[in-house]
Amino acid sequence: MIPQKVKDYLAKDGGDVLRQNKQGALRTLSQLGVDPNSEFGEFYLEYQGAFISPRPIAELLDIDDSAFPQSPIKPTIRRIDINCRKSS
């Protein structure tokens with residue numbers, strides 16, 4: 001379940017954060033071996049990124065790149081680390 005404070009924060013974002021293409025996200029989650037019912041899976045089925053932090057870099061990128069032209073180079077994901085930190 002996506003925490004309510006995350007939903008509230010993204011609802012105030014004002015950007016195009018709600019996912020339109022859930023099939024693309026489902027496909028990518030499956031390729032990564034991520035359960036779509038996990039919190040991570042539910043987040044990416046509901047929302048699309050990139051999500052920008054107050055710092056000038058993208059902190060959380062989207063997992064579905066089907067809207068972009070495909071590169072002949074196939075990326076390999078070896079590990080996913082999820083680190084949560086409390087904002088100060």
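The values are calculated or read from the model by the stated rules, or taken from the named source; none is laboratory data. Just so it is clear, the structure is predicted and the values come from calculations on it, not from any experiment. Using ideal geometry, Cβ is built from the backbone for each residue, glycine included, and neighbour counts are taken over all protein chains shown. Heavy atoms of the whole protein, side chains included, go into the accessibility calculation; ligands, DNA and RNA do not. Shrake-Rupley method; radii C 1.70, N 1.55, O 1.52, S 1.80 Å.
Tabulated data for the structure shown
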item	result
Residue list for region 14-46, filter: without any contact (Cβ under 8 Å) to a residue 12 or more places away in the chain, at negative phi and open to solvent by 60 Å² or more (accessible area, probe 1.4 Å)	23, 30, 31, 35, 37
Of all residues making up region 1-34, the number that are within 14 Å of the chain's Cα centre (by Cα) and part of a loop (DSSP other than H, G, I, E, B)	7
